[in-house]
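Down below is the structure, laid out as structure tokens.
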Amino acid sequence: MEIKKHIEKIVINIGIGKLTQRAHFKDKVFPDVIKELSVITGQKPAVRQAKKAIANFKTRTGDPVGLQVTLRGTRMEDFFGRLVNLALPRVKDFRGIALTNIDQHGNLNIGFREQYVFPEINIDHSTVNFGLQVTIVPKNKNREKAIDFYKSAGVPLKK
């Protein structure tokens, strides 16, 4: 099955708000997070910055608050294959993805608490722990057709 015909893009997001409070964030932690996300996706992430200063969250305008990667084409196909065949089976106590994770437009949202489910990441050499959000955006914006595609592509959905 050709994934490119059915999926428009895959977007991976990471919020780094909690990590900014760690010591040496700018020189050690932030570059490690970028490096690990680059290894997972095969593409350098775009840094998302705070638009407003919020005192309660200790952010200023322009501070990095997240990282985002948008995958299309061959990288998207490779990531989708690794996600379905390698990463999801490695999730602890995994029983399938609930159908509530698919919105009315057919977008599938999967959250990971830690990046170690991806086989590219070596737990022994990793210095940071972060969660990530994966959004799969189909070309067909019909929820029912998207569910049928995900099932045929091997995505483990709950019944």
> Residues of region 8-28 being under 11 Å from F130 (Cα atoms) and of a type in the set (A, V, I, L, M, F, W, C), which ones?
Replying inline: I14, I16, L19
>> Please determine whether any residue of region 107-122 is out of contact with any Cys (no Cβ under 7 Å at 6 or more places or on another chain), more than 18 Å from I7 (Cβ to Cβ), among the β-branched types (V, I, T) and in contact (Cβ under 8 Å) with a residue 12 or more places away in the chain.
In response: yes
> Do you know which residues across region 48-66 are free of Cβ contacts under 8 Å to residues at least 40 places away in the same chain, polar (S, T, N, Q) and in a strand (DSSP E or B)?
Replying inline: Q49
>> Restricting to region 87-120, give me the number of residues that are in a helix (DSSP H, G or I) and touching a strand residue (DSSP E or B) at 6+ places or on another chain (Cβ under 7 Å).
In response: 3
>> Suppose we filter region 32-47 for residues that are aliphatic (A, V, I, L, M) and touching a residue at least 60 places away in the same chain (Cβ under 8 Å); how many remain?
In response: 4
> Identify, please: which residue in region 36-47 is in contact with a Pro (Cβ under 8 Å, 6 or more places away or on another chain) and either of a type in the set (K, R) or in a helix (DSSP H, G or I) (or both) and is, among those, surrounded by the most Cβ atoms within 10 Å (Cβ to Cβ)?
Replying inline: L37
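Each reported figure results from applying straightforward, stated rules to the coordinates on display, with no laboratory input. The model shown is predicted, which means the values in this text are computed figures rather than measured ones. Glycine gets a Cβ as well: all are built from the backbone with ideal geometry, and neighbour counts include every protein chain shown.
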